[in-house]
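Each reported figure results from applying straightforward, stated rules to the coordinates on display, with no laboratory input. All values reported here derive from a predicted model rather than from experimental measurement. Neighbour counts run over all protein chains shown; Cβ positions are idealised from the backbone, glycine included.
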Ligand SMILES: [Fe+2]
């Protein structure tokens, strides 16, 4: 079975729909960081970059009266749960291996513990750690990292560059 590429994942209409909310720039930047961390830590770069690209696809509209209400958003936030479900569904539709889809889904679910009543420190496996760390690297105060701009063609260029570097053993 040939590898489902990052560009294929990015171009799917489900990704296009949900990545707009948390921002293409953040998703692609975190995927790039995740690639480097994965190589350094001996984690699968295929799994790490897919998880990173999709980690925030569970975000929903957090505006109220035309403004972002951060406190309100945090109170109701379950974006990692929604994201895990959406990422899994998307990858299965693209014909992804079911075990890969599950690993990615779990890494999305556990990329943050901000919505949980307990910490995930020292609880994550190596892949989940890479995704959480890559996300933290791009984070800015007040969620400003979600508002940086990147055009879809820039995103495709960067992702196809990553795709070329990722070799999956058959
Ligand atoms: Fe994020």
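Could you give the length gained by full extension between residue 16 and residue 93, i.e. 0.36 nm per residue of separation minus their alpha carbon distance, to one decimal place?
Going from the current span to full extension adds 26.3 nm.
Using a Förster distance of 22 Å, how high is the FRET efficiency between residue 40 and residue 148, based on the Cβ-Cβ distance and rounded to 0.05? Before the final figure, lay out each step's value.
On the way: r = 25 Å, r/R0 = 1.12.
Between residue 40 and residue 148 the formula returns 0.35.
Roughly how many nanometres apart are two label points built 7 Å out from the Cα toward the Cβ at residue 157 and residue 85?
3.7 nm
What angle do you read, to the nearest 10 degrees and between 0 and 90, between the alpha-carbon axis of helix 152-165 and the longest principal axis of the chain?
Tilt relative to the chain: about 40 degrees.
Cα axis of helix 13-22 to longest principal axis of the chain: angle in degrees, 0 to 90, nearest 10?
Around 50 degrees separate the two axes.
Taking just the alpha-carbon atoms of the chain, what radius of gyration and Dmax come out, in angstrom?
That works out to 15.0, 51 Å for Rg and Dmax.
Using only Cα atoms, tell me the angle between helix 98-109 and the longest principal axis of the chain; keep it within 0 to 90° and round to the nearest 10.
Result, in degrees: 30.
Given the C-alpha centroids of segment 138-161 and segment 1-19, what is the distance between them in whole angstrom?
Taking the Cα centre of each part, segment 138-161 and segment 1-19 sit 16 Å apart.
How high is the relative contact order of the chain, in percent, counting Cα pairs under 8 Å that sit 6 or more residues apart?
Working: 233 pairs, mean separation 57.4, N = 170.
It rounds to 34 percent for the chain.
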